[in-house]
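Quick one: structure below, then a few questions.
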Amino acid sequence: MREDEETRTKKEHESQQEQETEGPKKKNKKRKKDKANTTIDEQPEPELEPERVKAKVQFIPEQPNKAPPLVGYFPSIYKPDVDHPDEEMRPKVRVYRNMNEKKNRTGRMELVVSPRDSSVDYVGTSYSGEAMAPQFCHYAVGVLDRNTQTLKIVPIAANKIFRLEPRVRGSDVADKDAGKGEISAEVQANMKAMLDTRYGTKKSLRQSKKMHALNKENDPESQKDLALKMKSVKINKEALESTTSDTVLNVPPYDANATTPQQAYPLDKIILKGEWDFVQDIFNHVSAGSEDDVEKQTLASIFSYITHLVKFKDQHSMDGGASAKQHRIPKILHQKFLTSFSDAESKRLSDDKIHLLISYVLVLTLHADDFRTNPTDIAKDLRMSEFKLRDHFEKLGCKLLREKNMLYATLPVPLQFPKAIQRRRR
């Protein structure tokens, strides 16, 4: 009996162990099945690749007989309901163009959007406000035609994006405020310098820095204490009269009390400090790989400056415009020549301005020839006869000497101008 009980207890103990070992196995199988089910259910759907379009690009230039597209935006919260089912409730869009050729305003445009349920118009112009900011890019509208696989690019009207400002309908506020948004030349120059600094090339950055150095004298910050400093300066009236550019004599800046020809017409008063870097092209081309020679560099820069002056004269004259059309004058020099020798009313040079330009050329020629110049070659460059050129030399205070059938112009000092045109003094 005892043996039967012991065997029975052993069997019960073994069955309990088997149940304990089989239990976690079954649970693990269930977990694996659940994980398998969850992974199958949670698999993400395959992403569809975007449809690629191989289109031909077609650029459509602006055509005078067709109106180009206009682009505008609303800085306010207004959103035009262009998809309204009733066409009469959609906003009305109008375009106005100024056709007054006498005032040269044919390019002025206005874009007006008028909501049907409001007494306010949204007006944008191509000549005031935001449109007056300097623009260094071109805008265009691209239209993709999937049927023909063609991308058409069309330039927008006036190359401007119209800022549509709210205006009370029927008022003339837009006309009164038309000139308030104009940006001064100083602000435009600062904006261009900022763009050159951030996105410009090295060449444009150098030109921007040199232009800033030339215009530094007009900086209000540098002239803030100028009035106080001038009070302590003693002005020599005689020296001031002798060193200024005389409009009556029509000659470059001079010093009537100079003791040497070089000081009579100072070179640094003709070619300014910031302009020397723009007239070294001849020296850099000739002396590639050689040592820097200050004298040769100065001489080459003078010849380059003379060439630019002569070509500027030809570009603004009837007889030499074709030959000088392709000549490129640095922007800094071209702006200076326009200010010094041209009139605002006309592109042609007046007789007085031409005489002044010739005087600059002759003075630079004297510097280059060590103040002993044969007028034959320079007369050909200026398209003048030697006889007329003698008169210009004499007005500069030069003396003409003939040696071995050769005519030379020299510059004795102190300067003595012809009495017929000498300025009267009280």
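Taking the Cα centre of the range 261-410 as origin, work out the dipole magnitude from +1 charges on Lys and Arg Cβ and -1 charges on Asp and Glu Cβ, in debye rounded to 20.
Its charge dipole is roughly 460 debye.
Could you tell me the calculated FRET efficiency between Leu400 and Ser340, based on Cβ-Cβ distance and R0 = 22 angstrom, to the nearest 0.05?
Computed FRET efficiency for Leu400 and Ser340 comes out at 0.25.
Order of 156-167, 407-418, 86-97 by packing, highest average Cβ count within 10 Å first?
The peptides rank, most packed first, as 156-167, 407-418, 86-97.
In addition: Counting only other residues whose beta carbon sits under 13 Å from that of Leu411, what net charge do I get with K and R as +1, D and E as -1?
So the surrounding residues net to -1.
Now for a different question. What distance in nm lies between label points placed 7 Å from Cα along the C-beta direction at Lys54 and Glu386?
7.4
Name the long-range amide H neighbours of Glu165: under 5 Å, sequence gap of 5 or more, or other chain; modelled H, no Pro or chain starts.
Excluding prolines and chain starts, which carry no amide H, the hits are Val123, Gly124.
Work through the residues other than Thr150 whose Cβ is under 13 Å from its Cβ and net out their charges, Lys, Arg +1 and Asp, Glu -1.
Numbers: positive: Lys54, Lys56, Arg146, Lys152; negative: Asp145.
Counting the neighbours of Thr150, the net charge comes to +3.
As an exercise, use a Förster radius of 60 Å and the Cβ-Cβ distance of Tyr73 and Lys419 to find the FRET efficiency, rounded to the nearest 0.05.
0.30
Then there is this: Roughly speaking, what is the stretch gain from Tyr408 to Ser114, that is 0.36 nm per residue apart minus the C-alpha to C-alpha distance, in nm to one decimal?
Values: separation 294, 0.36 × 294 = 105.84 nm, distance 7.69 nm.
Between Tyr408 and Ser114, full extension yields 98.2 nm more.
What's the carbon and sulfur percent of the range 261-410's accessible surface, probe 1.4 angstrom, rounded to a whole number?
Numbers: 4300 of 8530 Å².
The computed percentage sits at 50.
If amide H atoms are built 1.01 Å from N in the plane of the peptide, which residues on other chains or at least 5 residues away come under 5 Å of the amide H of Gln58?
Those lying under 5 Å, H to H, from Gln58 are Leu151, Lys152, Ile153.
Give the Debye-formula value of log10 I(q)/I(0) at each listed q (0.10, 0.17, 0.21 Å⁻¹), with one equal scatterer per alpha carbon of the range 56-168, two decimals each.
Log10 I(q)/I(0), no solvent term: -0.38, -1.00, -1.23.
Let me ask something else about it. How many nm is it between the label spots at Glu130 and Val93, if each spot is 7 Å from the Cα in line with the beta carbon?
That separation, rounded to one decimal, is 1.7 nm.
So which of Lys269/Lys331; Lys160/Lys331; Lys202/Lys331; Lys269/Lys296; Lys313/Lys388 end up more than 22 Å apart by C-alpha?
Those over the limit are Lys160/Lys331.
Cα-Cα pairs above 22 Å in the range 296-426: how many percent?
Cα-Cα pairs in the range 296-426 separated by more than 22 Å: 41 percent.
Work through the residues other than Ser114 whose Cβ is under 12 Å from its Cβ and net out their charges, Lys, Arg +1 and Asp, Glu -1.
Its environment carries a net charge of +4.
Starting from the Cα of Tyr199, step 7 Å toward the Cβ, then list every residue of the range 142-163 with an amide N under 20 Å from that point.
Residues 142, 154-163 qualify, since their backbone N sits under 20 Å from the label point.
What distance in nm separates the two pseudo spin-label positions at Cys137 and Val294, each 7 Å out from Cα along the beta-carbon direction?
Placing both labels 7 Å beyond Cα along the Cβ direction yields 4.8 nm.
The values are calculated or read from the model by the stated rules, or taken from the named source; none is laboratory data. Predicted model only: the values in this text are computed from it and were never measured. Quick reminder, even Gly has a Cβ in these numbers, built from the backbone with ideal geometry, and neighbours come from all protein chains shown. Protein only, heavy atoms only, side chains kept; ligands, DNA and RNA dropped before computing areas. Shrake-Rupley method; radii C 1.70, N 1.55, O 1.52, S 1.80 Å.
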